[in-house]
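The values are calculated or read from the model by the stated rules, or taken from the named source; none is laboratory data. Everything numeric in this text was worked out from a predicted model, so none of it was measured. We place every Cβ from the backbone using ideal geometry, glycine too, and count neighbours over all the protein chains shown.
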Amino acid sequence: MSILNKLSRRGFVKTTVAASTVYSLIPHTVLGANERINVGVIGVGWKGAGQLKSLQKMPDCRVIGVSDADSEMMGKAEGTIKHQDYRRLLEVKEIDAVFIVTPNHWHSLSAIQAMQAGKHVYVEKPVSHNIWEGRRMVDAARKYKRVCQAGTQQASCPSVQAAARDIQSGKYGRVQWVHCSKLGSREPIGKVSVPTVPPASLDYNLWAGPAPMTPVMREKFHYDWHWQFNWGDGEMGNWSIHYLNDLRQILGWDDVPENVISVGNRFWDDNGNTPNMLFSVMEHRGVKVVVEVRNMADERGGKGGAVYLGMRGGNYFMCEKGYLKLSRGGGAAFDHDGKRIAQYKGDGGSDHIKNFFDAVRADDSSLLNAEIEMGHQSTAMCHLANIAWRIGSPVGAAEIREQLTGNQDALDTLDSVVKQLEFNKVDLNKTPLIAGPKLTYDNQVEVFTGDYAKQANKLVRLPCRTGFEVPEKV
């Protein structure tokens with residue numbers, strides 16, 4: 001039986017409140033320039049196991065503890081302290097920094113509590129499960145003066161950094177529009193009609209945490225939570241976050257677009273409820289942006305996914321003097337005749353964790369390539385896209401075209417999506433596209449305004465279960 005199961009609900013709440021009080025009093029650790037950093041890892045499942053393996057090979061850190069709601073997962077971490085309850089790991093005073101590799105719905109609360117405990121934090125993408133809790137993470141980093149890095153590793157990629165310098169210097173003239181995409185193919189997650197029993201080694205109450213502790217309606221407990229909104233954020237939060245962070249970094253944005261329209265649906269009959277085909281149209285500082293994810297096969301890309309603008313994923317920047325195509329690992333710039341005029345070589349951000357450790361040793365968040373404010377804003381773009389779709393309704397393609405008039409890339413994207421759905425034998429009369437209304441967003445207060453704001457703002461902040469509340473004030 002886990003520690004949490006041994007506690008009464010009242011005792012659990014009291015322990016959580018007391019822990020937060022104690023954490024806030026823990027002094028900061030000052031590390032020497034060459035001192036190894038003691039690390040704890042929260043979440044050692046599929047992604048976490050890979051992160052753990054990488055950390056164990058790094059000479060400048062030492063993994064001394066791990067935590068996972070599924071005790072079986074911790075068997076991968078031989079020679080370390082193991083706690084199924086992550087709060088016990090945060091009490092280990094020797095730990096300087098924690099890596100949070102949990103499901104999305106746990107990112108914010110565990111990161112906030114880690115910073116309250118005096119730990120520096122590396123939190124995986126997307127950094128939050130909703131916009132409101134993401135801002136609380138930024139508040140915690142400021143209040144407790146902790147180094148907090150978002151796991152959008154491409155921010156440390158030389159190709160992204162070089163493209164940012166060139167575009168912001170005006171080398172290619174004004175940016176006119178950007179197409180940001182992830183067009184990989186996936187398979188349906190299956191469909192169950194009765195709840196699946198969680199693994200015997202799992203404390204489901206702890207795993208669910210702030211999110212609903214509802215019956216498990218999916219075949220595979222681990223990983224496939226990505227495609228259910230109670231715990232995940234779909235492909236927009238799973239993959240597009242990387243390219244959206246690149247987009248904001250390259251354009252030098254310190255906030256997010258002020259409007260959004262989303263179109264798509266889930267065209268599989270399975271237990272997922274996040275869209276497997278979704279594109280969002282946004283505009284910011286005079287730049288039109290289309291952000292899209294597609295998880296179905298395509299006649300051009302085959303089972304590997306779709307191809308649009310000659311890419312299966314990445315950012316396509318159309319500028320006055322040419323265009324850039326940049327994806328994970330690098331890209332190039334071309335003139336309007338298609339001649340390559342610049343090459344951008346990258347490594348996908350292999351030094352991102354090193355960048356985090358350098359900032360931790362210096363106790364200087366300004367050294368981070370993806371400081372939590374950046375991670376929050378890039379994740380917020382994912383939430384904007386999802387929210388705009390979630391409040392939508394069935395709409396015909398002709399009506400959607402009318403709504404997108406004046407944005408040729410958006411219209412071309414719609415045509416490409418419809419063609420891909422036809423290739424996959426989707427009958428839009430039976431399973432129509434869902435389109436949301438155009439929403440306006442206020443960057444200053446981080447809420448929607450104007451028409452449909454009431455519906456949209458219900459998804460800006462999600463309710464938390466008793467005992468797992470993200471604090472109003474950190």
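For this structure, a couple of remarks:
- Single condition Cys148 does not satisfy, out of (1) surrounded by 22 or more Cβ atoms within 10 Å (Cβ to Cβ); (2) in the same structural domain as Gly314 (by TED's automatic domain parsing): (2)
- Looking only at region 296-308, and only at residues there that are hydrophobic (A, V, I, L, M, F, W, C) and within 17 Å of Leu278 (Cβ to Cβ), the one that is surrounded by the fewest Cβ atoms within 10 Å (Cβ to Cβ): Ala297
- Sole residue being out of contact with any Lys or Arg (no Cβ under 8 Å at 6 or more places or on another chain), outside the structural domain of Ser71 (by TED's automatic domain parsing), surrounded by fewer than 17 Cβ atoms within 10 Å (Cβ to Cβ) and assigned to a helix (DSSP H, G or I), chosen from Arg142, Arg165: Arg165
- Of all residues making up region 317-340, the number that are farther than 20 Å from Val289 by Cα and either in contact with a strand residue (DSSP E or B) (Cβ under 7 Å, 6 or more places away or on another chain) or not in a loop (DSSP other than H, G, I, E, B) (or both): 3
- Annotation: Ala155 fulfils all but one of (1) of a type in the set (Gly, Ala, Ser); (2) surrounded by fewer than 24 Cβ atoms within 10 Å (Cβ to Cβ); (3) closer than 30 Å to Arg340 by Cα; the unmet one is (2).
- Counting only helices (runs of 4 or more DSSP H) that sit completely within region 371-474, zero hold 3 or more residues that are more than 28 Å from Thr152 (Cβ to Cβ) and among the aromatic types (Phe, Trp, Tyr).
- Yes/no for Ile387 being under 23 Å from Lys145 (Cβ atoms), among the aliphatic types (A, V, I, L, M) and surrounded by 22 or more Cβ atoms within 10 Å (Cβ to Cβ): no
- Pairs are defined by a Cβ separation below 6 Å, a sequence spacing of at least 6 or placement on different chains, a first member in region 422-438 that is under 15 Å from Asp269 (Cβ atoms) and in contact (Cβ under 8 Å) with a residue 40 or more places away in the chain, and a second member that is of a type outside the set (A, V, I, L, M) and exposed (fewer than 15 other Cβ atoms within 10 Å of the Cβ); the pairs so defined are Pro432/Pro394.
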